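**Q** Got a structure for you, questions after.
The values are calculated or read from the model by the stated rules, or taken from the named source; none is laboratory data. Predicted model only: the values in this text are computed from it and were never measured. No Cβ is skipped: glycine too gets one built from the backbone with ideal geometry, and neighbour counts run over all protein chains shown.
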Amino acid sequence: MKIDVVITYHPKDRDLLLGCLQGIRRHVHFARVLVVCRRECKAEVESAGAYFVDEDSVVDGLSYGSFSGDRWGWYFQQILKLGIADRVDTDYYLVVDADTVFLRDVSFLNSRGKPLYVTGNEYHQPYFDVFEQLLGFSANREYSFIAHQMIYNRSIVREMRCRFRDCSPWYMNIVRYVEPQSPWFSISQFSEQETYGHYLKACHPDEVNIRPLKWGNIPFLPTKNLRFLLARYYDYCSFHLYNRRKPGPFLSPAWLSYNLGVGRILLGLELRKLHLISRWGDPACI
């Protein structure tokens with residue numbers, strides 16, 4: 001079964017968009033790839049062969065300019081990921097961060113047509129505080145659903161939004177609970193992945209099928225050679241701008257030990273030997 005794939009895109013990830021799209025086209029069984037972003041990125045998205053979706057048109061009555069604050073853009077993207085359930089054509093849709101690149105073939109539905117999820121280790125209590133405020137019950141946390149990609153059932157997303165308490169339209173509940181911090185949006189308080197994943201666990205446990213995938217956060221731009229080496233160890237990787245390190249001839253042992261672990265030191269040795277980091281930032285390598 002093919003699924004729509006949704007990328008929420010910001011120009012800060014311009015160096016990564018083509019790599020993200022290439023990874024999806026090579027390794028994911030998709031129907032359409034929709035890139036949700038601001039209007040001025042339309043030509044860029046369409047030239048890359050993806051469907052452009054104006055971010056200000058996804059949720060009726062909500063646009064980027066509706067609110068302000070240091071964290072508003074981040075919350076806005078999360079609301080878009082839940083709001084796009086009204087715009088996709090397939091029963092399930094996959095949301096992928098624009099700085100995430102698939103390196104191997106990955107299936108998101110099992111043989112019975114049920115969604116497949118991967119877990120992470122992140123824990124941030126404010127996400128679960130807001131979860132309880134939104135839905136009226138506590139999450140049974142055993143693991144994290146934050147993994148830089150997630151498959152959604154559009155009908156269950158709509159159902160969950162309807163169960164958000166107190167405010168109408170639904171997105172105002174999220175805004176309401178992240179607003180009171182001073183200064184506004186000063187810390188991360190809401191995660192759409194933790195909220196949806198733990199809602200599934202509580203209300204639709206048959207939809208929660210956990211499978212192992214190897215993924216990591218890499219602090220460099222994904223050159224072709226780097227992607228080739230990473231594919232020996234990972235199914236997909238994320239290349240966050242905030243985690244990006246300056247170019248240099250070697251990877252530090254501390255970074256290798258912390259991010260790759262002893263079992264993946266071989267990858268680090270190969271990268272050091274080939275001096276791949278000296279090509280950091282070369283657009284021709286993306």
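**Q** For region 64-88, which positions are over 20 Å from the mean Cα position of the chain (by Cα) and either in contact (Cβ under 8 Å) with a residue 24 or more places away in the chain or over 17 Å from PRO11 (Cα atoms) (or both)?
**A** SER66, PHE67, SER68, GLY69
**Q** State all residues of region 109-126 that are part of a loop (DSSP other than H, G, I, E, B) and under 18 Å from VAL95 (Cα atoms); if no residue qualifies, say none.
**A** ASN110, GLY113, LYS114, LEU116, VAL118, THR119
**Q** Quick one: ARG104 ticks every box in (1) touching a residue at least 40 places away in the same chain (Cβ under 8 Å); (2) touching a strand residue (DSSP E or B) at 6+ places or on another chain (Cβ under 7 Å); (3) surrounded by 14 or more Cβ atoms within 10 Å (Cβ to Cβ) except a single one, so which number is it?
**A** That leaves (2) as the condition not met.
**Q** Scan region 135-175 for residues that are of a type in the set (D, E, K, R) and either not in a loop (DSSP other than H, G, I, E, B) or not assigned by TED's automatic domain parsing to the domain that holds VAL59 (or both) and report the count.
**A** Residues flagged as of a type in the set (D, E, K, R) and either not in a loop (DSSP other than H, G, I, E, B) or not assigned by TED's automatic domain parsing to the domain that holds VAL59 (or both) within region 135-175 amount to 5.
**Q** Then there's this: Starting from region 190-208, take each residue that is crowded, with 16+ Cβ neighbours inside 10 Å and list its partners that are among the acidic types (Asp, Glu), counting only C-beta distances under 7 angstrom and pairs at least six apart or across chains.
**A** Close Cβ pairs satisfying both conditions: LEU200/GLU207.
**Q** Condition first: buried (at least 16 other Cβ atoms within 10 Å of the Cβ), outside any strand (DSSP E or B) and either polar (S, T, N, Q) or in contact with a strand residue (DSSP E or B) (Cβ under 8 Å, 6 or more places away or on another chain) (or both). Now tell me which residues in region 49-67 satisfy that.
**A** Passing the criteria: ALA50, GLU55, VAL58.
**Q** Taking region 130-167 on its own, how many of its residues are at positive phi and either among the small types (Gly, Ala, Ser) or crowded, with 16+ Cβ neighbours inside 10 Å (or both)?
**A** Within region 130-167, residues that are at positive phi and either among the small types (Gly, Ala, Ser) or crowded, with 16+ Cβ neighbours inside 10 Å (or both) number 2.
**Q** Here are some residues: ALA43, ALA85. Which one is aliphatic (A, V, I, L, M), over 28 Å from PRO219 (Cβ atoms), touching a Lys or Arg at 6+ places or on another chain (Cβ under 9 Å) and outside any loop (DSSP other than H, G, I, E, B)?
**A** Just one listed residue meets the conditions, ALA85.
**Q** From (1) over 25 Å from PHE131 (Cα atoms); (2) within 17 Å of the chain's Cα centre (by Cα), pick out the condition that doesn't hold for LEU230.
**A** Tallying (1) over 25 Å from PHE131 (Cα atoms); (2) within 17 Å of the chain's Cα centre (by Cα), LEU230 fails exactly one: (2).
**Q** Something else: Among the residues of region 92-108, write down those that are closer than 27 Å to TYR242 by Cβ and in a strand (DSSP E or B).
**A** Correct list: TYR93, LEU94, VAL95, VAL96, ASP97, THR100, VAL101, PHE102.
**Q** With respect to ILE187, determine if the residue is outside any helix (DSSP H, G or I) and either modelled with pLDDT of 90 or more or closer than 15 Å to PHE128 by Cα (or both).
**A** When the stated conditions are applied, ILE187 passes them.
**Q** Within region 17-40, which residues are in a helix (DSSP H, G or I), closer than 25 Å to PHE102 by Cβ and of a type in the set (Lys, Arg)?
**A** Matches in region 17-40: ARG25, ARG26.
**Q** Moving on to the next point. Just name the residue that is surrounded by the most Cβ atoms within 10 Å (Cβ to Cβ) out of those in region 68-101 that are of a type outside the set (Val, Ile, Thr) and in contact with a His (Cβ under 9 Å, 6 or more places away or on another chain).
**A** ASP99
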